[in-house]
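Single-structure report; data block below.
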Amino acid sequence: MKSIIITGGAGFIGSHVVRLFVNKYPEYRIINVDKLTYAGNLANLKDIEDKPNYRFVKADICDFDTMYALMQEEHVTGIIHLAAESHVDRSIKDPFTFARTNVMGTLSLLQAAKLYWEAQPEKYEGKRFYHISTDEVYGALEMTHPEGITPPFSTQASSEHHEAYGKDFFVETTKYNPHSPYSASKASSDHFVRAFHDTYGMPTIVTNCSNNYGPYQFPEKLIPLFINNIRHRKPLPVYGKGENVRDWLYVEDHARAIDLIYHQGTIAETYNIGGFNEWKNIDIIKVVINTVDRLLGREEGEDMNLITYVTDRAGHDMRYAIDSRKLQAELGWEPSLQFEEGIEKTVRWYLDNQEWMDNITSGEYEKYYDDMYKNR
Ligand code: NAD
Ligand code: TYD
């Protein structure tokens, strides 16, 4: 029987990964380790919390003794590591927390797994340490987008796409060049994971994924924040000129990739995950406004006047774009959703789950957000 720790399972992506594994593999034991920081929310997992193959443990990954004891108690054979501080704006204000969780927390897990697995008769045989990382470690790409070109809606990079956004993509061998405290901390954790393979022979895998969107994302990130603000007719703070480009992937497609790579990926390899789906922020914001307006029965575009240009994010990376052809060629993964379908599903989910949103945005978080917005 496989016994797998998934860290950060109460967060956005982690909750989708936990749900997929618990439902798809009733013969596995899935242990969700999460500290329940502001971003962790057990409401994300209500539908699977009573499943017999699922256990939740509230713990800090930086607590080495607890991690080691849990691995012993549960005879852990695999770790899928998602727990992290994940918001760039917070990392600019409080970099220490990012170094603590993302760097020291990853190291604490690695060391606990090393000591536990090396003490087993079969050692690393059948074991796996899978670290989930981001494309932001690669830095920022150049962009050349003449005015007036509409975003590509296809999932493959076309010549129109190259003309619009630039020819470069992040590949697995792109040199790390992180700019924000968040991406610097993730880069450092990626290096530790690879060092544990190269030094001790630990069976590790690292994946670097582009921006995710979908249900259960904490509403400080662009898409859920803007959906909620449009609903309440609050200003939409667009950083700088709104020209920065992100490559968006539906979260369930990321979870499917994680499942595939956990089971079939090659040890010590890196895989990039992305959907060839680049959008300038301002274009995606317009799509979100139109979709929310339509689904709320308002006139489409009625809320465009909420767009408010604010001071740019310090060190704001211009463009991220992932080349995920290695994953497609080696393991046959492809994004399943076209973007229009994904964004429609996402907006609908947030509008249908207002209680989930209101539970987060009322009280303490509302004050934090309003202060943050005032200071921009
Ligand atoms: P999130 O902020 O929604 O969730 C993070 C989870 O980790 C929360 O449940 C939180 O409680 C938990 N956590 C934080 N510190 C912890 C600690 N010290 N010990 C235990 N648990 C702790 O993040 P997300 O967007 O779901 O991202 C998950 C992972 O995927 C991160 O490693 C992130 O770097 C990576 N990633 C995210 C994206 C994206 O677009 N969101 C893209 C690529 C990679
Ligand atoms: P975000 O969702 O924070 O993800 P990341 O910084 O990891 O890419 O932001 C996505 C893009 O949207 C990024 O270019 C910053 C921009 N942005 C805004 O313009 N306004 C906002 O209020 C937020 C949260 C983000």
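Once C-alpha pairs closer than 8 Å and six or more residues apart are averaged by separation and normalised to the residue number of the chain, the relative contact order reads 17 percent. Put simply, the amide H of R319, placed in the peptide plane, has neighbours under 5 Å in L141, V245, leaving out anything fewer than 5 places away on its chain.
Legend: Rg and Dmax of region 32-82, from Cα coordinates, 11.7, 31 Å. Cross-link check: pairs K234/K374; K93/K374; K221/K326 evaluated at a Cα-Cα cut-off of 18 Å; pairs beyond the cut-off: K221/K326. When the inverse distances between all different Cα atoms of region 270-310 are averaged and flipped, the Kirkwood radius reads 11.9 angstrom.
Across q = 0.21, 0.22 Å⁻¹, region 1-74 modelled as identical point scatterers on its alpha-carbon atoms has Debye log10 I(q)/I(0) values of -0.86, -0.94, in the order of the q list.
With the gyration tensor restricted to C-alpha atoms of region 240-288, the semi-axes of the equivalent ellipsoid amount to 30, 12, 6 Å, longest first. Here, region 1-126 yields an orientationally averaged convex hull projection of 7.5 nm² when only Cα atoms define the hull. Taking region 163-316, how much of its Cα-Cα pair set, in percent, is spaced more than 26 angstrom apart? Looking at region 163-316, the distances longer than 26 Å represent 39 percent of pairs. Of F96, F129, the sequence from fewest to most neighbouring Cβ atoms within 10 angstrom is F96, F129. The three principal axes of the C-alpha atoms in the chain carry coordinate ranges of 65, 45, 37 Å, sorted with the longest axis first. Panel order for D317, D370, D168, by other beta carbons found within 10 Å of each beta carbon, from fewest to most: D370, D168, D317. D for region 267-376, whole µm²/s, Stokes-Einstein with Kirkwood Rh over alpha-carbon pairs at 4 °C and 1.567 mPa s: what number? So the translational diffusion coefficient is about 74 µm²/s. Every helix of 4 or more DSSP H residues in the chain counts as -39500 (n - 2.57), and over all residues that averages to -12500 deg cm²/dmol at 222 nm. By the beta-carbon count within 10 Å of each Cβ, the least crowded to most crowded order of M143, M304, fewest first, is M304, M143. With the convex hull drawn over the C-alpha atoms of region 190-250, the volume per residue is 129 Å³.
Read the figures in this text as sums done on the coordinates, not as results from a lab. Quick caveat: nothing in here was measured; it's all calculated off a predicted structure. FYI the Cβ positions are ideal-geometry reconstructions off the backbone, even for glycines, and counts take in every protein chain you see.
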